[in-house]
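A short worksheet on the structure shown next.
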Amino acid sequence: MYFYVICLVVGLVFTLLCAIFGHFFGGHDADVGDVEGADGSVGTGGHAEAGFADSGVPALSFFSPTVLATFVTAFGAIGTILSSIDSVRGKHLIIATIAASGGMAIAWVALMVFNTAFRKMQGSSESRVSRLIGQEANVITAIPAGGVGEIAYIQSGTRYNAPARTENGQPVAAGQLVRIKRVVGTQFYVEPLTEK
(Lines give C-alpha, C1' and ligand atoms only; values in the text may rest on other atoms or scores of the structure.)
Protein backbone atom coordinates (compact mmCIF):
# COMPACT_ATOMS: atom_id res chain seq x y z
CA MET A 1 0.00 0.00 0.00
CA TYR A 2 2.86 2.40 0.76
CA PHE A 3 4.15 2.02 -2.79
CA TYR A 4 0.84 3.30 -4.18
CA VAL A 5 0.71 6.18 -1.70
CA ILE A 6 4.26 7.17 -2.74
CA CYS A 7 3.24 7.07 -6.42
CA LEU A 8 0.19 9.21 -5.65
CA VAL A 9 2.22 11.79 -3.72
CA VAL A 10 5.07 11.90 -6.25
CA GLY A 11 2.62 12.35 -9.14
CA LEU A 12 0.74 15.14 -7.36
CA VAL A 13 3.93 16.95 -6.27
CA PHE A 14 5.41 16.69 -9.77
CA THR A 15 2.20 18.06 -11.30
CA LEU A 16 2.06 20.95 -8.82
CA LEU A 17 5.74 21.82 -9.34
CA CYS A 18 5.30 21.78 -13.11
CA ALA A 19 2.27 24.06 -12.82
CA ILE A 20 4.02 26.49 -10.46
CA PHE A 21 7.39 26.62 -12.19
CA GLY A 22 5.83 26.52 -15.66
CA HIS A 23 3.66 29.50 -14.76
CA PHE A 24 6.40 31.63 -13.22
CA PHE A 25 9.44 30.57 -15.24
CA GLY A 26 8.33 28.88 -18.45
CA GLY A 27 4.91 30.24 -19.29
CA HIS A 28 4.27 32.07 -22.54
CA ASP A 29 1.80 34.85 -23.05
CA ALA A 30 -0.78 34.25 -25.69
CA ASP A 31 0.66 36.15 -28.62
CA VAL A 32 -0.10 35.93 -32.26
CA GLY A 33 3.65 35.96 -32.87
CA ASP A 34 4.00 32.53 -31.25
CA VAL A 35 1.90 30.98 -33.97
CA GLU A 36 4.28 30.87 -36.93
CA GLY A 37 7.96 30.15 -37.14
CA ALA A 38 10.38 31.87 -39.52
CA ASP A 39 9.74 29.24 -42.17
CA GLY A 40 5.97 29.52 -41.83
CA SER A 41 5.76 26.40 -39.69
CA VAL A 42 3.85 26.19 -36.45
CA GLY A 43 5.96 26.33 -33.26
CA THR A 44 5.63 24.47 -29.99
CA GLY A 45 6.35 27.51 -27.86
CA GLY A 46 9.50 25.92 -26.41
CA HIS A 47 7.77 23.24 -24.35
CA ALA A 48 9.68 19.97 -24.17
CA GLU A 49 6.54 17.87 -23.94
CA ALA A 50 5.01 19.34 -27.07
CA GLY A 51 5.40 17.16 -30.12
CA PHE A 52 3.61 17.36 -33.42
CA ALA A 53 0.54 15.46 -34.45
CA ASP A 54 0.19 14.18 -38.02
CA SER A 55 -1.56 17.42 -38.94
CA GLY A 56 1.46 19.51 -37.88
CA VAL A 57 -0.44 20.92 -34.91
CA PRO A 58 1.41 21.02 -31.57
CA ALA A 59 0.32 18.07 -29.45
CA LEU A 60 1.34 16.12 -26.37
CA SER A 61 2.88 12.68 -26.71
CA PHE A 62 1.82 9.80 -24.45
CA PHE A 63 5.34 9.98 -22.97
CA SER A 64 5.23 13.70 -22.16
CA PRO A 65 5.88 14.67 -18.51
CA THR A 66 2.29 15.87 -18.11
CA VAL A 67 0.75 12.58 -19.26
CA LEU A 68 3.27 10.47 -17.35
CA ALA A 69 2.54 12.44 -14.16
CA THR A 70 -1.17 11.80 -14.75
CA PHE A 71 -0.48 8.08 -15.10
CA VAL A 72 1.66 7.91 -11.93
CA THR A 73 -0.93 9.88 -9.93
CA ALA A 74 -3.85 7.75 -11.16
CA PHE A 75 -1.88 4.51 -10.66
CA GLY A 76 -1.09 5.54 -7.08
CA ALA A 77 -4.65 6.65 -6.32
CA ILE A 78 -6.28 3.48 -7.71
CA GLY A 79 -3.70 1.24 -6.01
CA THR A 80 -4.22 3.01 -2.68
CA ILE A 81 -7.99 2.64 -2.91
CA LEU A 82 -7.81 -1.04 -3.93
CA SER A 83 -5.29 -1.82 -1.17
CA SER A 84 -7.81 -0.68 1.43
CA ILE A 85 -10.59 -2.99 0.14
CA ASP A 86 -10.73 -6.23 2.14
CA SER A 87 -11.70 -8.48 -0.77
CA VAL A 88 -8.51 -7.70 -2.76
CA ARG A 89 -6.09 -6.81 0.05
CA GLY A 90 -2.92 -8.86 -0.28
CA LYS A 91 -3.59 -9.76 -3.94
CA HIS A 92 -0.78 -7.61 -5.27
CA LEU A 93 -0.89 -8.80 -8.89
CA ILE A 94 -4.62 -8.03 -9.19
CA ILE A 95 -4.19 -4.61 -7.57
CA ALA A 96 -1.18 -3.73 -9.75
CA THR A 97 -2.96 -4.85 -12.94
CA ILE A 98 -6.13 -2.86 -12.19
CA ALA A 99 -4.12 0.20 -11.05
CA ALA A 100 -1.93 0.12 -14.17
CA SER A 101 -4.95 -0.31 -16.47
CA GLY A 102 -6.84 2.46 -14.72
CA GLY A 103 -3.80 4.73 -14.76
CA MET A 104 -3.32 4.18 -18.49
CA ALA A 105 -7.00 4.85 -19.18
CA ILE A 106 -6.97 8.10 -17.18
CA ALA A 107 -3.66 9.20 -18.80
CA TRP A 108 -5.14 8.47 -22.25
CA VAL A 109 -8.23 10.58 -21.44
CA ALA A 110 -5.95 13.42 -20.24
CA LEU A 111 -3.92 13.13 -23.45
CA MET A 112 -7.07 13.37 -25.59
CA VAL A 113 -8.39 16.36 -23.61
CA PHE A 114 -5.08 18.28 -23.89
CA ASN A 115 -4.65 17.53 -27.59
CA THR A 116 -8.23 18.55 -28.36
CA ALA A 117 -7.65 21.82 -26.50
CA PHE A 118 -4.39 22.39 -28.43
CA ARG A 119 -6.13 21.87 -31.77
CA LYS A 120 -8.90 24.32 -30.89
CA MET A 121 -6.47 26.97 -29.65
CA GLN A 122 -4.24 26.51 -32.70
CA GLY A 123 -7.15 26.91 -35.09
CA SER A 124 -8.30 30.13 -33.43
CA SER A 125 -4.71 31.53 -33.32
CA GLU A 126 -4.17 30.83 -37.02
CA SER A 127 -7.43 32.53 -37.93
CA ARG A 128 -6.48 35.58 -35.81
CA VAL A 129 -3.13 35.85 -37.60
CA SER A 130 -4.68 35.43 -41.04
CA ARG A 131 -7.12 38.27 -40.28
CA LEU A 132 -4.19 40.60 -39.52
CA ILE A 133 -2.71 40.38 -43.02
CA GLY A 134 -3.65 43.54 -44.91
CA GLN A 135 -4.79 45.37 -41.78
CA GLU A 136 -3.66 48.94 -41.11
CA ALA A 137 -1.49 49.72 -38.10
CA ASN A 138 0.12 52.81 -36.61
CA VAL A 139 3.88 53.06 -36.06
CA ILE A 140 4.34 54.01 -32.39
CA THR A 141 8.13 53.60 -32.28
CA ALA A 142 9.97 54.59 -35.44
CA ILE A 143 11.24 51.72 -37.56
CA PRO A 144 14.89 52.43 -38.47
CA ALA A 145 16.44 51.34 -41.76
CA GLY A 146 16.91 47.58 -41.53
CA GLY A 147 15.85 47.64 -37.87
CA VAL A 148 12.90 46.97 -35.63
CA GLY A 149 10.29 49.43 -34.39
CA GLU A 150 6.87 48.96 -32.86
CA ILE A 151 3.36 49.13 -34.27
CA ALA A 152 -0.08 49.28 -32.70
CA TYR A 153 -3.11 47.65 -34.30
CA ILE A 154 -6.72 47.02 -33.33
CA GLN A 155 -8.23 43.55 -33.45
CA SER A 156 -11.71 42.68 -32.18
CA GLY A 157 -11.90 46.02 -30.41
CA THR A 158 -8.63 45.51 -28.49
CA ARG A 159 -5.40 47.43 -29.11
CA TYR A 160 -2.21 45.35 -29.44
CA ASN A 161 1.44 46.33 -29.82
CA ALA A 162 3.98 44.30 -31.77
CA PRO A 163 7.58 44.58 -32.98
CA ALA A 164 7.74 45.40 -36.67
CA ARG A 165 10.12 45.64 -39.60
CA THR A 166 9.49 47.00 -43.07
CA GLU A 167 9.39 44.58 -45.98
CA ASN A 168 11.99 46.57 -47.93
CA GLY A 169 14.17 47.57 -44.95
CA GLN A 170 13.38 51.27 -45.34
CA PRO A 171 12.81 53.51 -42.29
CA VAL A 172 9.31 54.57 -41.23
CA ALA A 173 8.67 57.50 -38.89
CA ALA A 174 6.56 57.24 -35.75
CA GLY A 175 2.92 58.15 -36.34
CA GLN A 176 2.85 56.89 -39.92
CA LEU A 177 0.23 54.38 -41.05
CA VAL A 178 1.43 51.03 -42.37
CA ARG A 179 -0.17 47.86 -43.69
CA ILE A 180 0.65 44.45 -42.16
CA LYS A 181 2.01 42.22 -44.93
CA ARG A 182 3.00 39.08 -43.00
CA VAL A 183 3.81 37.73 -39.54
CA VAL A 184 6.94 35.63 -38.97
CA GLY A 185 7.60 34.44 -35.45
CA THR A 186 7.11 37.49 -33.26
CA GLN A 187 7.96 39.93 -36.05
CA PHE A 188 5.35 41.80 -38.07
CA TYR A 189 6.45 42.86 -41.54
CA VAL A 190 4.78 46.03 -42.76
CA GLU A 191 4.80 48.45 -45.68
CA PRO A 192 4.05 52.16 -45.44
CA LEU A 193 0.70 53.27 -46.76
CA THR A 194 1.06 55.66 -49.67
CA GLU A 195 -0.71 58.98 -49.13
CA LYS A 196 -3.51 59.72 -51.58
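The values are calculated or read from the model by the stated rules, or taken from the named source; none is laboratory data. Owing to the predicted nature of the structure, the values given are computational and were not obtained by experimental measurement. Virtual Cβ from ideal backbone geometry, glycine too; neighbours counted across all protein chains shown. Side chains are part of the model used for accessible areas, which takes the heavy atoms of the whole protein and leaves out ligands, DNA and RNA. Shrake-Rupley method; radii C 1.70, N 1.55, O 1.52, S 1.80 Å.
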Measure off, as a whole percent, the carbon and sulfur share of the 1.4 Å-probe accessible area of region 64-196, all protein chains present. 62 percent
Tell me which GluC sites (Glu not before Pro) from region 141-196 have a DSSP coil assignment and no more than 12 other beta carbons within 10 Å of their own. GLU195
Can you give the accessible area per residue of region 82-174, in Å², using a 1.4 Å probe? 58 Å²
Per DSSP, loop chymotrypsin sites (Phe, Trp or Tyr not before Pro) in region 75-184 with at most 11 further Cβ within 10 Å: none
State the three equivalent ellipsoid semi-axes of region 84-196, derived from the C-alpha gyration tensor as the square roots of 5 times its eigenvalues, in descending order and whole Å. 56, 13, 11
